[in-house]
Every structure is written in C-alpha cells, then in structure tokens.
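The structure appears right after this line, and notes come after that.
The values are calculated or read from the model by the stated rules, or taken from the named source; none is laboratory data. Remember, predicted model here, so these are calculated numbers, not experimental data. As a convention, Cβ positions derive from the backbone with ideal geometry for all residues, glycine included, and neighbour counts pool all protein chains shown.
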2 protein chains.
Amino acid sequence: MNPSHRTADAGFCRIDPPSIKALTFDMQGSLLDFYGTIVDAGAAVIGNRDLHLDWTDVLDRWRKGYRAQLDAILAGTMPWQSTDRIYRSALDGLLENVDGASALSTSDRDTLSAAWSSLKPWPDTRPGLLRLRERFKLSTLSNGSMASIVNIVKMQDLPFDCVLTAELVDSSKPDPKVYALAQKSLGVRADEILMVACHKYDLAAAKKFGFKVAFIPRPLEFGPKGRTDGGAEAYFDAMAPSLTGLADMLCR
Amino acid sequence: MNPSHRTADAGFCRIDPPSIKALTFDMQGSLLDFYGTIVDAGAAVIGNRDLHLDWTDVLDRWRKGYRAQLDAILAGTMPWQSTDRIYRSALDGLLENVDGASALSTSDRDTLSAAWSSLKPWPDTRPGLLRLRERFKLSTLSNGSMASIVNIVKMQDLPFDCVLTAELVDSSKPDPKVYALAQKSLGVRADEILMVACHKYDLAAAKKFGFKVAFIPRPLEFGPKGRTDGGAEAYFDAMAPSLTGLADMLCR
C-alpha cells in the first residue's frame, strides 16, 4: 500500500519505542485548537453587533500572513519580532480586505490577537501527554512566543517537562537552529527525539536534522470547512489519528 | 532589630502576594542538595577502596573552581562552555591538590561529575513548589545546563511551569541577560517576578534588574561542617527558612 493513499485516520509505527528518549511537540494546530479558540474569542468580541466574518477564511489568511512574516525574518528581509507581535500585525493586514472589518477597533484586534496566548487543547492532547510523559521527556517546540506557550501550558495544565520555543534562538521552524536547541536542551541524540506535528514542513525539517517524526493529522485545524493535508508521507516514522493513538503505539 | 543580626531561621515578608505573578528559582544549593548527592555518588565511586576524601573541602573547592570558570567566561577571557563541561574540568583541577585523588580514574571522575545532573531536592522543595504553583508561574533560573536541569526536574517530579537556564543566553548569573530571559519568557513585568535563592550574589543581581527577591538560607549547602552566609540583608523582600515557609507567607 502506497503511504500517500492512506486515509487520515490510518496509523502506523515504524519506531522501536525504547530507541526514543524524548518527544518534542508542535503546539499551534498540532496540540492546540486555534480555530475553536479564535472563533469563540471572535464571537465574544463581536457580541451582538451585526458583523459576520468568515472565520475559516480569516484563520487561513491569518496563519498565511503570520507565516509570510516568519519567512521574511528567516530570509533576513525583516528584523526579528516576537510571534505575539507578528500575529497582531498580520491581523491588521488581512482585515484590510475583509468586508465590515473596519468596525473592529484596536482594542477588539488586541483581544483577538491575545487569544493566541490562551489557545485550548484538542480533547486528546492532555490525556495523550499524560501517558507519554510516564515514559519520555516531553517538550514543546513551537514557533509561538515563550510567554504565550508558558501561559497556555499552565492554564491548561499540560504535563510538559520543558517549554521550548523558537524565540529562544530568535528564529522559527523550519530553521535547523530550532531543532538544535531541542537536542541540546534535552541532552539526547537527535535520533532519540521524536518530533510530533500536524504540519509536514515541520516534520520534514526535523527529519532532515536527524529526529524521528510522527504525524498527527488535524483535519479540523482550519475548522469544519478548512482544508488540510492529511496524507501519509514516506519519511514519516509514525502516524496516528490522535495523541492518545500515538501513546497506544509508543507505550505498549 | 537590625536585619543583619537575624538568625538563619528568622523569616519576614514585605511582599504583597497579589503583586507577584511568577517565581524564579535558583536550583543548585537553593532547591537541590548537591552536598548530599555528591557525597553519596562519591561513596559509590570509591566503593571499598581505602580512599578518604574530605567532601566538605572538595565541594567547597569544586564550586569555587566552577564559579571561577563562569566568571572567566563572563569576563570574556574564556570561551563559552556548558556548565556540565565546566564541572568536569573544575574537578580535574581541584583533584590535582587532593591526597590520594590520583586513584580516581577518568571514569570515576565522569561519574562524579555526572552526579550534578541528578541532584536531589531538599525535603521542603517539592512540597513548597506544589503549593506555590497553585498561585504563581514557577520557573527555574539556574546556571546549570538545560539538559541537567530538565533531567533533575523530571526525575524528581518537580512541578515547574517552565525550565530556564543561563545556557539559553550563553551566559551565567549574575549577568543581567539571564534575568531578562526570565522576564521575557514569563511575559510579566520585572517587579512581578520573585527570585528565590540561597545565594546573595544572585538575589542582589535580580534585585538590581528589578525583581523582588526572597532568601532561603541553606546552612547545610556545603554539609554539616561547611560555611554559608545566612544573614538577612536590607534589600531582601522576603526571607523564609524553607520553601514551605515561603509558601506559608505567599499563599495565605
């Protein structure tokens, strides 16, 4: 069976669990549901005003605008900024082209942008982490700011051993410096680390750095009408429909 | 009453707890008992060989040799090295002048040095952290390497929200960059952070950076015969005989 034809809920594991010492996790999208969180924050901000936003479109463009700024920083065409600031400026950029969005005040936009610092986990996130933590060192490895990820991890009581973000090396994934930070901080070999994410660019870069990689598709990342790429790739070492599914594979 | 004449077990608190959002902790000595851990590791390494080391003297000189190398790095006269490597090279330096220590092989020395990556907490450390974490964000802020502190925090199940070490900014306390790392990563104002330590140089630097500071004397830091400075200073914002004592003051 060709992996590219597997469906999103198929799973496989080509990893010998004892060969892994630590797991690093992408956060936004992979462990955290930004769509649900931002839609709720948006509904609260809009209140009973007659303003209807297409959140699938807004979130899709917001993430693309954010990624474009991260890429500009990586390319050296923009000075380094925290992702908290990037989210805020990317929001202004996208709302210029959204009907009726001029009704959103600076304070409304600050509130919406701040929701990225209180993202809610997917239902399987905490139960999966709790089981995985019994066996492995667990670390975040996020492009989100330290302040936002520390805040989310504390608010949601997510059982990590360590919070690491790209901000600590003034960069962002897929820069190899970010994976190097994880390897050094966790004190293990690259091939003893399993990177877990729903984004292929992240897993491809981690794999190139020497990590093992596990794909958790998140078909609802951009909401029920959003589009995501959930197909398996030949370079995946594992694929599971959820974090609890991954724990089933690794904590046998 | 002049604070400099208070005894080590006296405590006071000039902090309004709601004004504090996060606590940062020195680890080696302040929360972790390196003397007990290293003496145990030394006894295991020596086994039944007829070799008697004065551990109070060895530990005192080991920490001084380590500190001298950290200071040389801060002064720019030595290139940056991880504290794991510094401990190892400082051990060789001090054992040159210890009778009988030539019997300690490279492997013995590696084992002794590695004990700094599995230091045990003081008895009040974990109970104190558990209570403090209900109310505040808790982070390490150590000169130890990330790998060693992550390892200890996991092995001992110490309930931190975040592991931060000076290694993340290629420096060591009392460099202001280390306190700046904590402030940025925790996402709060400097005066909303309480630095907790048994070392005055650390608290003095944190205070200068704008943190509040709490002193926890550790009279046994260098063992029952070791000497420590446990007197209060005018710039302390709080002083408590233990971490549970600090929790009594801050979690009222």
#### Entry: Answer residue from region A:20-70, given it is among the β-branched types (Val, Ile, Thr) and within 16 Å of the chain's Cα centre (by Cα) and is surrounded by the most Cβ atoms within 10 Å (Cβ to Cβ) among those
A:THR24
### Query
Is at least one residue of region B:113-122 within 14 Å of chain A (Cβ to nearest Cβ), aromatic (Phe, Trp, Tyr) and in a helix (DSSP H, G or I)?
yes
### Query
Within the group A:PRO127, A:PRO121, which residue is modelled with pLDDT of 95 or more and buried (at least 19 other Cβ atoms within 10 Å of the Cβ)?
A:PRO121
### A:SER105 vs. criteria of a type in the set (S, T, N, Q), surrounded by fewer than 15 Cβ atoms within 10 Å (Cβ to Cβ) and not assigned by TED's automatic domain parsing to the domain that holds A:PRO176
yes
### Task
Go through region B:33-87 and count every residue that is more than 18 Å from B:ARG109 (Cβ to Cβ), among the small types (Gly, Ala, Ser) and part of a loop (DSSP other than H, G, I, E, B).
2
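Is it the case, given these coordinates, that A:LYS200 is within 18 Å of A:THR140 (Cα to Cα) and either without any contact (Cβ under 8 Å) to a residue 12 or more places away in the chain or within 14 Å of the chain's Cα centre (by Cα) (or both)?
yes
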### Task
Report, by residue number, each residue of region A:108-141 that is of a type in the set (Val, Ile, Thr) and either without any contact (Cβ under 8 Å) to a residue 60 or more places away in the chain or not assigned by TED's automatic domain parsing to the domain that holds A:GLY187 (or both).
A:THR111
